[in-house]
1. If TRP210, TRP204 are ordered by their accessible area, calculated over protein heavy atoms with a 1.4 Å probe, which sequence runs from highest to lowest?
2. So what is the diffusion coefficient of the range 104-233 in µm² per second by Stokes-Einstein at 37 °C and 0.692 mPa s, using a Kirkwood Rh over Cα pairs?
3. Given the -39500 (n - 2.57) contribution per DSSP H run of 4+ residues, what per-residue ellipticity at 222 nm results for the chain, rounded to the nearest 500 deg cm²/dmol?
4. At 1.4 Å probe size, with the rest of the protein present, what percent of the exposed accessible area of the chain is carbon and sulfur atoms?
5. When Cα extents along the principal axes in Å is calculated directly from the model, which label among (1) 67, 49, 40; (2) 78, 47, 41; (3) 96, 53, 25 fits?
6. Within the set of other residues whose C-beta is less than 12 Å from the C-beta of ALA99, count the net charge using Lys and Arg as +1 and Asp and Glu as -1.
7. Name the residue from GLY101, SER158, LEU12 whose Cα lies farthest towards the positive end of the charge dipole of the chain, charges +1 on Cβ of Lys and Arg and -1 on Cβ of Asp and Glu.
8. Based on DSSP, what percent of beta bridges with both residues in the chain are antiparallel, to the nearest 5?
Amino acid sequence: SQPDMGVSPTQLLAFRAAFAERLALSRAPQKVIVNVTYSCNNHCTFCAVGTRTPVHGNLEQQRAFLAQYRAQGVRLLDLDGGEPTLHPALVPLVQHARALGYERIHVTTNGRLLACEDYTRRLLASGLSSLLFSVHGADARAHARQGGVTEAFEETVSGIRNAVRGVSESRHRLAGGSSVELGMNVTITKGNHRELPALAQLAWDLGLSWLNLQFLTPFGRATKRLAPDKAAA
């Protein structure tokens, strides 16, 4: 007789399903993430790269890096920072990535430079697929407590409005053609986790139908003391 292995048919089926799911995930499209700069015009309390030297990445090295990964079949690209819009060559870098054949190109930004309408137009026309605005408080005071800059909220909101208007006008011109997806990114902290309903309402009121909630990454200025109490949440 065969020895009793202590595993039931139901458990074997569960193991098989879990293995199949992990195998499918391993075959999903790969994505490369590039921090184009470590410079930033905010000073977020929870920034994972806030202790890095605030310098821009080398453009030629970044272009070569993108070409290398595209040649390996990578089709998805995230451009991050620091604050990526501070890099003077962000728009040409997005255009280069699109020319290389990246199918989806995403940028996460605090949106302050998009308060300039001309910059917003150029960024939206560069070949982006999606743009995520980092907002961490539902009003100027709450946002400043998280982002460290008093005037940041008004500039970010102005940038969001410019982007929403730009995308709306682009859709009208293209008669229903594809356009840039816009959303809001919130890093959940001890100081803002009770404001999530208000932040969701703000995103909706500004015309953003996509809300991304991000947990703390324990690096840089982000420490466990900034994380919300799970028991009290």
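1. On the way: TRP210 85, TRP204 175 Å².
Ranking TRP210, TRP204 by accessible area, largest first, yields TRP204, TRP210.
2. 213
3. -12000 deg cm²/dmol
4. Result for the chain: 54 percent of the exposed heavy-atom area is carbon or sulfur.
5. Read-out taken from this structure: (2).
6. For residues surrounding ALA99, the net value is +3.
7. LEU12
8. Percent antiparallel among DSSP bridges in the chain is about 5.
The values are calculated or read from the model by the stated rules, or taken from the named source; none is laboratory data. Model, not experiment: these values are computed from the prediction. Cβ coordinates were reconstructed from backbone atoms using ideal geometry, including for glycine residues, and neighbour counts include every protein chain displayed. Each accessible area value is taken on the protein alone, full model and side chains, heavy atoms only, with ligands, DNA and RNA left out. Shrake-Rupley method; radii C 1.70, N 1.55, O 1.52, S 1.80 Å.
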